[in-house]
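Down below is the structure, laid out as structure tokens.
Values in this text are rule-based calculations from the coordinates and carry no lab data. Bear in mind that the values here come from a model prediction, so they are computed numbers and not experimental data. As a convention, Cβ positions derive from the backbone with ideal geometry for all residues, glycine included, and neighbour counts pool all protein chains shown.
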Amino acid sequence: MPRIRPEDLVRVLQLAQEQTDAGRRIADAIALIEGVMDDLGEEAISISFNGGKDCTVLLHLYAAVLLARHTKSLSSLLPTPAHLPISSPTTNGLSEPKPILSSVTPSSPSGHITTPPSPPLPTIKAIYITAPDPFPLLDEFVLSSAELYGMDLYRFGGGMKAALGGYLGGEAGKGVKGMLMGTRKGDPNGDVEPLAPTDPSWPSVLRIHPILDWSYAHVWDFLRDLNVPYCSLYDEGYTSLGSTKNTVPNPLLRNPSAPSGWDPAWKLTDGSKERCGRLDSSS
């Protein structure tokens, strides 16, 4: 299995130097990641990766930051770290609907893949929280990404709260204090601050949202401009991925003349219609 090429990650760092909308957006995301790594420590950071387009952007950004931190000649390409205030726990984001359960039994990992680091890029701590009835192609993409980027990836089912409890409370997530997440505004849990602790009834971790202000178009511009590998379901009309039980191709991308019958996700012009293929819009 090939590994991510350093030159592909260097291109991210170079873009962050450009005085363009895209450059400033990338620089802001990197600065937030850098600031949290400085404050919490590199070993205290993990990433929540489920193979979706948003967390694929985040993984590529994070790998670029790690490469620069571990390559002396690239450190000058990192923007000034952003040390943002941490918001107080609220009922937004990873909150529990009322009534709040007093406890949830932590789940155990159902799979683990670890890939030796490819110096200078260190191993990336990661958790994969599966949806019920996940797409096989999405599963395959997560595993191939783990190998491509050199992740120490633990897979959990049973819901996000139980999965976080199992990960953070076990050897897998030992010492993890911050969790990088690909949440964007407009997502069901998108009404959060860039840095937000989990609510009191949840396992304690700082949620880190570097691409919170990115739009649907921004995500696809990044992936396509930088040739970042993404799940092939997005080339078959899917614009938001949940489970096989609640996700279909976006009807707005139906194209009988296309080979698959569907246009790719990046052709959706109205980002507010991103979740039109979700049978349950809250998922």
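Can you give the charge dipole size of region 171-236 about its Cα centre, rounded to the nearest 20 debye, using +1 on the beta carbon of Lys and Arg and -1 on the beta carbon of Asp and Glu?
Details: 6 positive and 10 negative charges, 57 e Å.
My answer is approximately 280 debye.
For region 207-246, run through the trypsin sites (Lys or Arg not before Pro) and keep only the ones in DSSP coil with at most 12 other Cβ atoms within 10 Å of their Cβ. Numbers along the way, then the final one.
Working: sites: 207, 224, 245; in loops: 245.
Here the trypsin sites (Lys or Arg not before Pro) that fit, given the DSSP loop and packing criteria, are 245.
For residue 254, what charge total do you get from the other residues with a beta carbon under 12 Å from its beta carbon, if Lys and Arg give +1 and Asp and Glu give -1?
Combined, the nearby Lys, Arg, Asp and Glu give -1.
Once both labels are modelled 7 Å past Cα along the beta-carbon direction, what's the residue 258-residue 3 spacing in nm?
The modelled label-to-label distance comes out at 3.6 nm.
At 4 °C and 1.567 mPa s, grab the translational diffusion coefficient of the chain from Stokes-Einstein with a Kirkwood Rh over Cα pairs, rounded to a whole number in µm² per second. Spell out each step's value before the answer.
Working: Rh = 19.3 Å.
The diffusion coefficient I find is 67 µm²/s.
Can you tell me how much longer the chain between residue 70 and residue 144 gets when fully stretched, taken as 0.36 nm per residue apart minus their C-alpha distance, in nm with one decimal?
Working: separation 74, 0.36 × 74 = 26.64 nm, distance 2.35 nm.
Computed gain between residue 70 and residue 144 is 24.3 nm.
Need the full-extension length gain, residue 11 to residue 123, defined as separation in residues times 0.36 nm minus the C-alpha distance. One decimal, nm.
Numbers: separation 112, 0.36 × 112 = 40.32 nm, distance 2.03 nm.
Answer, rounded to one decimal: 38.3 nm.
Starting from the Cα of residue 137, step 7 Å along the direction of its Cβ; do the same at residue 204; then give the gap between the two resulting points in nm.
Here the answer is 4.3 nm between the modelled labels.
Quick one: work out the % antiparallel among DSSP beta bridges in the chain, nearest 5.
On the way: 10 of 24 bridges.
About 40 percent, rounded to the nearest 5.
Say the cut-off is 29 Å between C-alpha atoms; which of 185/245; 177/267; 72/125; 177/273; 72/185; 161/267 go over it? Mind dumping the intermediate values first?
On the way: 185/245 25 Å; 177/267 38 Å; 72/125 22 Å; 177/273 34 Å; 72/185 35 Å; 161/267 34 Å.
Listed pairs above 29 Å: 177/267; 177/273; 72/185; 161/267.
To the nearest 0.05, how large is the calculated FRET efficiency for residue 39 and residue 279 if R₀ is 45 Å and r is the Cβ-Cβ distance?
Numbers: r = 40 Å, r/R0 = 0.90.
About 0.65, to the nearest 0.05.
With just the Cα atoms defining each centre, how far is region 153-198 from region 206-250? Give it in Å.
Their Cα centres are 18 Å away from one another.
Extension gain residue 232-residue 174, at 0.36 nm per residue separation less the Cα-Cα distance, in nm? Provide the component values of the computation, followed by the final result.
On the way: separation 58, 0.36 × 58 = 20.88 nm, distance 3.31 nm.
Length difference between fully extended and current span is 17.6 nm.
Just want to confirm a number: the relative contact order over the chain, from Cα pairs under 8 angstrom separated by 6+ residues, in percent.
21
Assign one of three labels to region 234-274, namely rounded, prolate or oblate, based on the Cα gyration tensor with a ≥ b ≥ c the square roots of its eigenvalues; rounded applies when a/c is under 1.5, prolate when it is not and a/b is larger than b/c, and oblate otherwise.
Values: a/c = 2.09, a/b = 1.22, b/c = 1.72.
It comes out oblate by the Cα gyration axes.
Along the positive direction of the dipole of the chain (beta-carbon charges: Lys, Arg +1; Asp, Glu -1; about the Cα centre), which of 16, 260, 206 reaches farthest?
Final value for the positive-end residue is 260.
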